[in-house]
Amino acid sequence: MAEVENALMGNGPIIKAKDVRVFYGEKQALQDVSIDFAKNQVTSLIGPSGCGKSTFLRCINRMNDLVDIARVEGEILIENHDIYAKDVDVVALRAHVGMVFQKPNPFPKSIYDNVAYGPRIHGTSQSKDELDHIVETSLKRAGLWNEVSDRLDQPGNGLSGGQQQRLCIARTIAIEPKVLLMDEPCSALDPIATAIVEELIDELSERFTIIIVTHSMQQAARVSQKTAFFHLGNLVEHGDTDQIFTNPKDERTENYITGRIG
Ligand code: ADP
Ligand code: MG
């Protein structure tokens, strides 16, 4: 019944992953991962290093396609479309499913051109006025506008690390993705920049469905409504963040959150 209600309200899962397996050559890195993600929620993926968090994240916008030896099996539906279907345009998919990486990676271009890049190549904006508007809105949403509005023509990589990461977020959201994937987006940032980005994640979740990989359990607890715990290529358990941290069902989750494995 709840499912029917959710579907009617438009709150059904936006992403459904079913039995996702990933192999790098002979080695299997993910075992039959099945998980749904609700629209406009923040989900954290946590677990020890090497457990497959990034591998899983990269399945959701087919970044593993770029890894020669990677093979993905199973099914991922986004808004009920099979993203691994033969006729899928991967460039369009990645416009709908944006990604922010560990290390801020602005293009060697001006602040303005970093944000305008996506709308230009995807042709979502025609006129200079429209482009100006998108650049301003995206920088505002990324919480960076006030810091850079008077120097949009300066190089993006001249900004501080935290500003660069917000610029990358602005660049990603400029093309209005539905989903935002973030792979340890704060791991190269200092605590103040981290706090700013965490606050931003909360605001962005009003418009985007966010999946964030983090090695920080504190961060997961702060930013996400849902948490998924991975261990040795398995999705061990997922649920409400509160439940995962206070009342985990699986012993492996409990061992991880209490610091016995890590
Ligand atoms: P996490 O993000 O949780 O630290 P990863 O998804 O990066 O874990 O890695 C999961 C497993 O897959 C690890 O054993 C890792 O060595 C392996 N792996 C990841 N990327 C590659 C790759 N490009 N080629 C070969 N093995 C890889
Ligand atoms: Mg990783």
Using a Cα distance threshold of under 22 Å, what count of lysine pairs results for the chain when pairs must be 8 or more residues apart or interchain? 28
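Scaled to the compact-protein estimate 2.2 N^0.38 Å, what is the alpha-carbon radius of gyration of the chain, rounded to two decimal places?
Working: Rg = 18.5 Å, N = 262, 2.2 N^0.38 = 18.3 Å.
Working it through for the chain, the quotient is 1.01.
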Order of E26, E237 under a 10 Å beta carbon neighbour criterion, fewest first: E26, E237
Charged-residue dipole, Cβ positions (Lys, Arg, Asp, Glu), the range 194-262 about Cα centre, Debye nearest 20: 240
Residue with peak Gaussian network fluctuation, the chain [Cα springs, cutoff 10 Å], from E251, E199, E176: E251
Percent RCO, i.e. relative contact order, over the range 101-244, from Cα pairs under 8 Å lying at least 6 residues apart: 25
According to the Cα gyration tensor, what semi-axes, each the square root of 5 times an eigenvalue, does the equivalent ellipsoid of the range 10-96 have, listed from largest to smallest in whole Å? 20, 17, 11
What angle, in degrees between 0 and 90 and rounded to the nearest 10, separates the Cα long axis of helix 111-121 from the longest principal axis of the Cα atoms of the chain? 70
By counting other Cβ atoms within 10 Å of each Cβ, how are D65, D19 ranked from fewest to most? D19, D65
Give the average over all directions of the projected area of the C-alpha convex hull of the range 76-150, one decimal, in nm². 6.8
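Excluding V88 itself, calculate the net charge of residues whose Cβ lies under 11 Å from the Cβ of V88, where each Lys or Arg counts +1 and each Asp or Glu counts -1.
Values: positive: R62, K86, R94; negative: D65, D82, D87, D89.
Charge balance near V88 sits at -1.
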Averaged over every viewing direction, what's the projected area of the C-alpha convex hull for the range 121-192? Give it in nm², one decimal, please. 5.5
For the range 116-262, with only Lys/Arg (+1) and Asp/Glu (-1) charged at the beta-carbon, what is the dipole magnitude about the Cα centre, in debye rounded to 20? 280
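Could you check how many percent of all C-alpha pairs in the range 1-149 are farther apart than 22 Å?
On the way: 5936 of 11026 pairs.
Result for the distance tail: 54 percent.
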Taking the Cα atoms of the range 143-262 alone, what are Rg (to one decimal) and Dmax (as a whole number) in Å? 16.5, 53
In whole percent, what relative contact order does the range 23-76 give with Cα contacts below 8 Å and a gap of six or more residues? 45
Arrange D87, D113, D242 by Cβ neighbour counts within 10 Å, fewest through most, would you? D87, D242, D113
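No value in this document is a laboratory result; all are computed from the given coordinates. From a predicted model like this one, the values you see are computed outputs, not experimental measurements. Quick reminder, even Gly has a Cβ in these numbers, built from the backbone with ideal geometry, and neighbours come from all protein chains shown.
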